[in-house]
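Q: What follows is a single structure, and I will ask about it in a moment.
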């Protein structure tokens, strides 16, 4: 089952449940977060909550997507209570692109920090059930103000050196009243980053990640697939200038979801009741690694089954902002 958030032309919000090609509105809920809070309170799954709510009118989600009426599949009334975070070097093969970026910083015979971290994850990123595995790389992207809708543009800062796509999956979580993290599902994502800044010095990774990110409109509920295969491409003036397949899902990863989740939610500050977490699981496919230089007006498009709708964002650059700190 896939859940979507809808906003009508008049501004009224609703939740949509989709199964295969069929979709219908879910009566009584204006957001997926509200539906999830109800499910937690009732001690039932999201699928059961949808079933008990009954079926509203049928809806064509492709048509609603084309009309820009579909939102990101999670949000909060107060964006400060949405945390965007992620982990890197989590996918089989993901070290190649990162190592290619960083190897100039070390002697040819010396293993880079990126490769060391990748190999540690490969060895200990999928521990046995109940065990704690290798800690992954971790980064912070911002709060809910940085979350862009499925068809909205990316706006990179005026000072950005690059605006590059990262096609991947994101886990969507809600913290229950007792501090328990609940995984609501997975969303298709573009974890937008500044790879030129990161390449200059890998210690600038934190700076490079403070950028917007987007989610596809569908929240995939239930047991996640082991193997997800999709396509990432860049369009310029309507023409495809770069396209490549990408793989995700635990079968293509060096870390399990459970291990990545443990090392995120082990911190008390990430288990605050009511908060929403969007956690990006990483990728192994970047146009930057193939020498592509993006420019304003380029469009990033990512699609992967079992998601049926793409995440599609145009690249823009913000005007310069002068920041002056005053002493009180």
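The values are calculated or read from the model by the stated rules, or taken from the named source; none is laboratory data. Worth saying up front: this structure is predicted, and the values here are computed from it rather than measured. Because the Cβ atoms are built from the backbone with ideal geometry, glycine has one as well, and the counts that use them run over all protein chains shown.
Q: Please verify whether residue 205 is farther than 25 Å from residue 3 by Cα and either in contact with a strand residue (DSSP E or B) (Cβ under 9 Å, 6 or more places away or on another chain) or part of a strand (DSSP E or B) (or both), treating the condition exactly as stated.
A: Considered against the rule, which asks whether it is farther than 25 Å from residue 3 by Cα and either in contact with a strand residue (DSSP E or B) (Cβ under 9 Å, 6 or more places away or on another chain) or part of a strand (DSSP E or B) (or both), residue 205 comes out as yes.
Q: Right, another one. Looking at the stretch 173-188, is at least one residue touching a strand residue (DSSP E or B) at 6+ places or on another chain (Cβ under 9 Å) and more than 27 Å from residue 77 (Cα to Cα)?
A: No, every residue in the stretch 173-188 fails to be touching a strand residue (DSSP E or B) at 6+ places or on another chain (Cβ under 9 Å) and more than 27 Å from residue 77 (Cα to Cα).
Q: Further question on the same structure: So, residue 136, is that one in contact (Cβ under 8 Å) with a residue 24 or more places away in the chain, under 30 Å from residue 48 (Cβ atoms) and not in a strand (DSSP E or B) or not?
A: Criteria not met by residue 136.
Q: Residue 322 passes all but one of (1) buried (at least 18 other Cβ atoms within 10 Å of the Cβ); (2) outside the structural domain of residue 155 (by TED's automatic domain parsing); which number fails?
A: With (1) buried (at least 18 other Cβ atoms within 10 Å of the Cβ); (2) outside the structural domain of residue 155 (by TED's automatic domain parsing) applied to residue 322, the lone miss is (1).
Q: Separate question: Got a number for residues in the stretch 218-230 being closer than 21 Å to residue 192 by Cβ and surrounded by fewer than 16 Cβ atoms within 10 Å (Cβ to Cβ)?
A: Summing the residues that are closer than 21 Å to residue 192 by Cβ and surrounded by fewer than 16 Cβ atoms within 10 Å (Cβ to Cβ) in the stretch 218-230 gives 0.
Q: Among the residues in the stretch 116-132, are any surrounded by 16 or more Cβ atoms within 10 Å (Cβ to Cβ), more than 20 Å from the chain's Cα centre (by Cα) and closer than 30 Å to residue 77 by Cβ?
A: no
Q: Being part of a helix (DSSP H, G or I), surrounded by 14 or more Cβ atoms within 10 Å (Cβ to Cβ) and touching a strand residue (DSSP E or B) at 6+ places or on another chain (Cβ under 6 Å) is the filter here; which residues of the stretch 66-88 pass it?
A: Residue satisfying the conditions is 79 alone.
Q: Of all residues in the stretch 93-115, how many are part of a loop (DSSP other than H, G, I, E, B) and either at pLDDT 70 or above or under 24 Å from the mean Cα position of the chain (by Cα) (or both)?
A: Number of matching residues: 4.
Q: Next question, about the same structure. Can you name the condition, by its number, that residue 19 falls short on among (1) within 13 Å of residue 218 (Cβ to Cβ); (2) touching a residue at least 60 places away in the same chain (Cβ under 8 Å); (3) in contact with a strand residue (DSSP E or B) (Cβ under 8 Å, 6 or more places away or on another chain)?
A: (2)
Q: Do we find that residue 217 is within 15 Å of residue 170 (Cα to Cα) and modelled with pLDDT under 95 in this structure?
A: no
A quick yes/no check of all residues on (1) touching a helix residue (DSSP H, G or I) at 6+ places or on another chain (Cβ under 8 Å); (2) surrounded by 15 or more Cβ atoms within 10 Å (Cβ to Cβ); (3) more than 16 Å from residue 138 (Cα to Cα):
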| position | (1), (2), (3) |
| --- | --- |
| 211 | yes, yes, no |
| 234 | no, yes, yes |
| 248 | no, yes, yes |
| 259 | no, yes, no |
| 265 | no, yes, no |
| 269 | no, no, no |
| 275 | yes, yes, yes |
| 281 | yes, yes, no |
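Q: Residue 172: in a strand (DSSP E or B), surrounded by fewer than 17 Cβ atoms within 10 Å (Cβ to Cβ) and touching a residue at least 40 places away in the same chain (Cβ under 8 Å), yes or no?
A: Taking the combined requirement at face value, the residue does not satisfy it.
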